[in-house]
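Quick notes on the structure that follows.
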Amino acid sequence: TNSWKREALCELVSDEESLIVPEFLKAEAEIVVGYYPRPARYSPLVSMDTGWSDRTAVCFTYVDFPAQVLVFEKTLVFRYKTTGEIADAIKKVEEELWKESPYRVRRYADAMPQQIADLKADHKLYFQSADKSNAHDQDSTVNTFRDGVLMKQIRILREQNGPLIYQLRNGVWN
């Protein structure tokens, strides 16, 4: 059992019962890929969850509509970075990934209203708030993601998403 592996073998094994996305362990081989062909028309999306000591994470994704797949191209994780440093990194990644995008980048952030305002006013990055007033519900969002993993409608590029893959393997409810 996982408990035996953890206690007797001193292995770092997560308790599957408490994982946020337990489906990932079985689907990882099909979801985490080295390459995914970007279609000619795709819709770029940036999602950010801000933090200071508990880290800020930014996911750069796009939707492949014909295949009905959400592709995670790159993940950035910051600790103790200013809004300006984060904004500069976001702009750099968007430029390298989506310079030729047929659609504008949509951005969503789980952030304080002041930080969203700073990103807009000082850095010309327009984020929509992902708070409860905008129908953001953590449980339904996680369940939607879990369904996507279960149905293999998600692809994660291995080389650029180490922090995301680690969290999906080990993230537990706290």
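The values are calculated or read from the model by the stated rules, or taken from the named source; none is laboratory data. Since the model is a prediction, treat every value here as computed from it, not as a measurement. Using ideal geometry, Cβ is built from the backbone for each residue, glycine included, and neighbour counts are taken over all protein chains shown. Ligands, DNA and RNA are excluded from the accessible area calculation, which covers all protein heavy atoms including side chains. Shrake-Rupley method; radii C 1.70, N 1.55, O 1.52, S 1.80 Å.
Which value at 222 nm does the chain reach when only helices count, each DSSP H run of 4 or more adding -39,500 (n - 2.57), with the total divided by all residues and rounded to the nearest 500 deg cm²/dmol?
-11000 deg cm²/dmol
With every protein chain present, what is the per residue accessible area of region 80-174 (1.4 Å probe, Å²)?
66
Return the sequence-ordered ³J(HN,Hα) values of region 79-84 in whole Hz as given by the Karplus equation 6.51 cos²θ - 1.76 cosθ + 1.60 applied to θ = phi - 60°, using x for Gly and Pro.
My calculation for region 79-84 gives 9, 6, 10, 6, 4, x Hz in order.
Identify, among Val13, Val93, Val71, the residue whose Cα sits farthest towards the positive end of the charge dipole of the chain, taking +1 on the Cβ of Lys and Arg and -1 on the Cβ of Asp and Glu, with the dipole about the Cα centre.
In the chain, that residue is Val93.
Local charge sum around Ile156 (other residues, Cβ-Cβ under 15 Å, Lys/Arg +1, Asp/Glu -1)?
+2
Could you give me the ³J(HN,Hα) list for region 142-155, computed from phi with Karplus coefficients 6.51, -1.76, 1.60 and θ = phi - 60°, whole Hz, x at Gly and Pro?
Listing the rounded values in order: 5, 5, 4, 5, 4, 4, x, 5, 4, 8, 6, 9, 10, 10 Hz.
For a quick check: with amide H placed at 1.01 Å from N, whose amide H comes under 5 Å from Glu73's, ignoring anything fewer than 5 positions away on the same chain?
Here Phe60, Thr61, Tyr62 satisfy the definition.
Whenever you get a sec, line up Glu100, Glu85 from highest to lowest accessible area (probe 1.4 Å, protein heavy atoms).
Glu100, Glu85
First compute the accessible area of the chain with a 1.4 Å probe, then give the percent of it belonging to carbon and sulfur atoms.
Accessible surface attributable to carbon and sulfur in the chain totals 52 percent.
Find the relative contact order for the chain and round it to a whole percent, using C-alpha pairs within less than 8 Å whose residues are 6+ positions apart.
32
Name the long-range amide H neighbours of Val32: under 5 Å, sequence gap of 5 or more, or other chain; modelled H, no Pro or chain starts.
Under 5 Å from the amide H of Val32: Ile156.
Take Glu159, project a point 7 Å from its Cα along the Cβ direction, then tell me which residues of region 41-69 have their backbone nitrogen under 18 Å from it.
60-62
Just want the answer: with Cβ charges of +1 for Lys and Arg and -1 for Asp and Glu, which residue in Asn174, Asn161, Pro22 is farthest toward the dipole's positive end in the chain?
Positive-end residue among those listed: Asn161.
Contour minus end-to-end for Trp4 and Arg79, with contour as 0.36 nm per residue of separation and end-to-end as the Cα-Cα distance?
That works out to 23.6 nm of additional length.
Can you pull out the trypsin sites (Lys or Arg not before Pro) in region 48-118 that DSSP calls coil and that have at most 15 other Cβ atoms within 10 Å?
Those that pass, being in a loop and sparsely packed, are Arg55, Arg79, Lys99, Arg104.
In straight Cα distance, which lysines are under 27 Å from Lys99, not counting same-chain residues fewer than 8 positions off?
Once the sequence-local lysines are set aside, what remains near Lys99 is Lys74, Lys81, Lys91, Lys120, Lys124.
Working out 0.36 nm times the residue gap between His123 and Tyr35, then minus their Cα-Cα distance, what length gain in nm do you get to one decimal?
Length gained, His123 through Tyr35: 28.5 nm.
Run the numbers on region 11-89 and let me know its relative contact order in percent, using alpha-carbon pairs under 8 Å that are six or more apart.
20
Under 25 Å between alpha carbons, and skipping anything fewer than 8 positions from Lys5 in its own chain: which lysines qualify?
Within the straight-line limit of under 25 Å, Lys5 reaches these lysines: Lys26.
For Arg55, which sequence-distant residues (separation of 5 or more, or a different chain) have an amide H within less than 5 Å of its own amide H, given hydrogens modelled in the peptide plane?
Those lying under 5 Å, H to H, from Arg55 are Tyr80.
Karplus couplings for region 64-73 from phi (6.51 cos²θ - 1.76 cosθ + 1.60, θ = phi - 60°), rounded to Hz, Gly and Pro as x?
Values per residue, Gly and Pro as x: 8, 4, x, 8, 6, 10, 9, 10, 8, 7 Hz.
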